[in-house]
Amino acid sequence: MDAEQHVDEPALPLLTLRDGLPPVVDTPEALDEAVARVAAGTGPVGLDAERASGYRYSARAYLIQVRREGSGTFLIDPIPFENLDALDDAIGDAEWILHAATQDLACLREVGLRPRRLFDTEHAARLLGYPRVGLATLTESVLGFTMRKEHSAADWSTRPLPGPWLEYAALDVEMLIELRDALDVQLHETGKQEWAAQEFAWLTGFEPAVRTDPWRRTSGIHKLRNRRAVAAVRELWYARDDLARTRDTTGGRLLPDAAIVAAAKAMPTDRAGLLRTDGFRGRAAKAEADRWLAAIQRAATLPEAELPPASVRSDGPPQARSWADRDPVAAARLATARAAMNDLSERINVPVENILTPDYLRRVLWSPPPGRPESLPDAVAAELTRLGARGWQVELAEPVITAAIIDPQLPETDD
């Protein structure tokens, strides 16, 4: 065979359901049976949740997948039930297995499901240095099966759910236990099991950040410098949000962010002017023209003292790109620490952002804790802990940060 020729590797087998498609649990009787079988099962419990992001206002779960050894798989429709407390009791203190836990914990907690212990397969893969950590990719690279991906953006609030969607959902937990076990072996082999344990313990108490002034996340608002225009964005955002909540849909399906920003720039005063504005030619924009005009009018008539600031100053350090001008020594500290963190990342095969949250690094280096050099390690460790770093992260990052504070590598300058 010619040296440049090669034989194509055989395609990996497609992951299929071992026990066939499970029915949807949507009646009290079916839920009682599922709860009894989960309680009779053994070992950890694989869970997943499907939401209707991009279609519905809330981030609630519209389908919950559960699999346990000795119990099988259950597809639970949580909508007919007041809560799933009985299922939570059946799981008890058994370990949960989730993939990308932070995405699902809030909607599972909403229906009464709360982990006492968990294993996050995505987080484990990050600590192990996998370059791609999606569930389908890991199932392929770790377990040797390919997974279907065609329904990842489906509207899971649809009822009844089509059979192919249900199969896709069930497959998300089909091999979750096996994936957890394989990754756990690798964590122990690489000496990272304690790091993972600390991360998983932290995840059990994870709460999504509550955003103040959520309207400031409107895409394109940074282009506005006029306070009255910013007020128009705020009023339009809240008008859209109220309508989206009432209709149980996402705000972007009613009025795109780009339309809000365009209207805030133009400040139209009548219906004709509004409908000439970019983004206001859709059905919802026209049907609710009076609503949008009223919002713009509220912004137009606000007293100057009640206008919101064009931007809100963060409680954190300035953007890193401005450090060199504002504080060259701080910029040198940051550059020194970043270089050392990159070296550390390569050495232990963990992404830099998982070793330490970048914001924590910037905060400590912009305003280092005071004190003598001999007390600096303890002071840096205490500050990282206060910010929220886990013990293993403090152990790794503190020496890097301390060294950068004591001996920042200032760039050479021409005499």
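How much accessible area per residue does the chain have, in Å², with a 1.4 Å probe?
In whole numbers, the chain has 52 Å² accessible per residue.
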Under the span-like rule (Cα at least 27 Å along the axis, Kyte-Doolittle mean at least -1.0), DSSP H helices of the chain: 227-247, 328-348
Net dipole in debye of the chain [+1 Lys, Arg Cβ; -1 Asp, Glu Cβ; about Cα centre; nearest 20]: 2440 debye
Loop chymotrypsin sites (Phe, Trp or Tyr not before Pro), the range 137-234 (other Cβ atoms within 10 Å of the site Cβ: 14 or fewer; DSSP): Phe206
Cβ charges +1 (Lys, Arg) and -1 (Asp, Glu), total dipole of the range 193-347, debye: 780 debye
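Taking the Cα centre of the range 286-356 as origin and charging only Cβ (+1 Lys, Arg; -1 Asp, Glu), how large is the dipole, in debye to the nearest 20?
Working: 9 positive and 10 negative charges, 21 e Å.
Around 100 debye, computed over the range 286-356.
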Under 17 Å from the Arg132 label point (7 Å along Cα→beta-carbon), backbone N, the range 31-59: none
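With a Förster radius of 25 Å, plug the Cβ-Cβ distance of Asp270 and Tyr238 into 1/(1 + (r/R0)^6) and report the FRET value to the nearest 0.05.
For Asp270 and Tyr238, the calculated efficiency is 0.70.
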Read-out Rg/Rh (Cα atoms, Kirkwood Rh), derived from the coordinates shown; its label in (i) 1.08; (ii) 1.12; (iii) 1.03: (iii)
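Below 12 angstrom from the Cβ of Pro318, what's the summed charge of the other residues (Lys, Arg +1; Asp, Glu -1)?
For residues surrounding Pro318, the net value is +2.
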Built amide H within the under 5 Å cut-off of Glu95, gap 5+: Val45
Qualifying trypsin sites (Lys or Arg not before Pro) for the range 1-94 [loop in DSSP, other Cβ within 10 Å: at most 10]: Arg18
Area of Arg247 that stays accessible when all protein chains are in place (1.4 Å probe, Å², to 10): 110 Å²
Lys/Arg +1, Asp/Glu -1 at C-beta; the chain dipole; positive extreme among Leu183, Pro160, Trp392: Pro160
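The values are calculated or read from the model by the stated rules, or taken from the named source; none is laboratory data. Keep in mind that this is a model prediction, so the values were computed, not measured. Note that each Cβ is placed from the backbone with ideal geometry, even for glycine, and that neighbours are counted across all protein chains shown. For accessibility, only protein heavy atoms count, side chains too; no ligands or nucleic acids. Shrake-Rupley method; radii C 1.70, N 1.55, O 1.52, S 1.80 Å.
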